[in-house]
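Written below as structure tokens is the structure these notes are about.
The values are calculated or read from the model by the stated rules, or taken from the named source; none is laboratory data. Only a predicted model underlies this, so the values are computations on that prediction, with no experimental measurement involved. Ideal geometry is used to build each Cβ from the backbone, glycine not excepted, and the neighbour counts take in all protein chains shown.
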Amino acid sequence: MNVEYYRNFIAIIDEGSMSAAAQKLHIAQPALSNQLKVLEKEFNAVLMERNGRRLHPTEAGLILYDRAKSICDHEDNAQKQIQACTRGTQGILRLGLTHILPDPTLSLILGDFSRAYPGIRFELYEASTKVLIEMLDENRIDVGILSSASLHTELNLKLSQTITARTMVAYPRDSDWLSGDIDVIPISLLQNVPIAYPRGIESRLLQACRKAGFCPNVFAVSSTRNGAMLWAQVGRAVSVFISTAAEHFESDSLCCRPVNGYDLKVQRVFACMNDRKISPTAETFLNFVSQRLQEQSLTTSPA
């Protein structure tokens, strides 16, 4: 049955007469009368009866009236949801990221984006940059937040915005290893200090230590940053990790400071496949990130 017939039937009951409904709907009255006859034939029931100049629904008409309103509401909601989906304001965003959470800048962006677009749901995948690139290629994620150090120019990726992160150290405030009065820790001060770090930064960190002229005292290597932070929290080692803001990890018991040394900055790049049209939700997300990072002056253009 044409949903428009249901809408017009609702109008007939709401207006109380065929002429008033026809005038409201901008439909010729004979055409509207024919639609009512089609409905009555379809349901094999009298749906309207005349009482003086007004039309009143029969008991069957009242049943159809309620069901017709429900049908029209469902169609209206479907239209709204489909339009929101095509505009990128509703749907699912499949987002892949390296093991960087919690990260102050990214957490703020994701939180603000979710509040700005409450109709978008998330599927988050945490993996290495290599695995995330494979997931992008296999269309298992829409956008990947990757480490630029692991990217190669021959990859078929479209790179958009970039977040600059720094190497940080976290250590107990009462530690004898490092002072809480220093704003930036030279990497040379990590010599002979037990350190714990996530495996993803191992190559870069060891290279920076060698450039500084020493071999680090590696206490623990973990799969994630949280694993490395554990050893700083219990006072057994200095945790070395990547983040965008040191103050996020400060506490009554822990100091957190950026480290200066060779090649210790990391670029987090928002990437999608270059030869594939991205989903509307992914496009909405990347536009939001671009605007937000420009506002915060945290973005750089990828080479």
**Request:** Being among the hydrophobic types (A, V, I, L, M, F, W, C) and more than 17 Å from Val3 (Cβ to Cβ) is the filter; apply it to the stretch 41-62 and report the residue that is modelled with the lowest pLDDT.
**Result:** Leu55
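Scan the stretch 1-31 for residues that are without any contact (Cβ under 8 Å) to a residue 60 or more places away in the chain and under 48 Å from the mean Cα position of the chain (by Cα) and report the count.
Step one: of the stretch 1-31, the residues without any contact (Cβ under 8 Å) to a residue 60 or more places away in the chain are 1-2, 4-5, 8-9, 11-31.
Then drop every residue that is not under 48 Å from the mean Cα position of the chain (by Cα), which leaves 1-2, 4-5, 8-9, 11-15, 21-27.
Total satisfying the criteria: 18.
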**Complete:** Filtering the stretch 1-38 down to residues that are within 20 Å of Asp73 (Cα to Cα) and exposed (fewer than 14 other Cβ atoms within 10 Å of the Cβ) yields Met1, Asn2, Val3, Glu4, Asp14, Lys24
**Selected residue (criterion: farthest from the chain's Cα centre (by Cα)) from residues of the stretch 236-256 that are surrounded by fewer than 21 Cβ atoms within 10 Å (Cβ to Cβ) and under 26 Å from Gly213 (Cα atoms)** = Arg236
**Request:** Inspect the stretch 138-148 for any residue being at pLDDT 90 or above and of a type in the set (Ser, Thr, Tyr) and give the result as yes or no.
**Result:** no
**Prompt:** Restricted to the stretch 258-287, and to residues that are surrounded by fewer than 20 Cβ atoms within 10 Å (Cβ to Cβ) and of a type in the set (D, E, K, R), which residue is modelled with the lowest pLDDT?
**Reply:** Asp263
**Request:** Considering only residues that are under 25 Å from Ser128 (Cβ atoms) and either modelled with pLDDT of 95 or more or surrounded by 21 or more Cβ atoms within 10 Å (Cβ to Cβ) (or both), look in the stretch 193-207 and name the one that is farthest from the chain's Cα centre (by Cα).
**Result:** Ile195
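Which helices (runs of 4 or more DSSP H) does the stretch 1-51 wholly contain that include 3 or more residues that are within 17 Å of Leu62 (Cα to Cα) and not aliphatic (A, V, I, L, M)? Can you show your working first?
Numbers: elements: 3-15, 18-25, 29-43.
Filter on the stretch 1-51 gives 3-15, 29-43.
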**Message:** Condition (residue is at pLDDT below 95, within 16 Å of Gln267 (Cβ to Cβ) and outside any loop (DSSP other than H, G, I, E, B)) applied to the stretch 171-192: is it met by at least one residue?
**Reply:** no
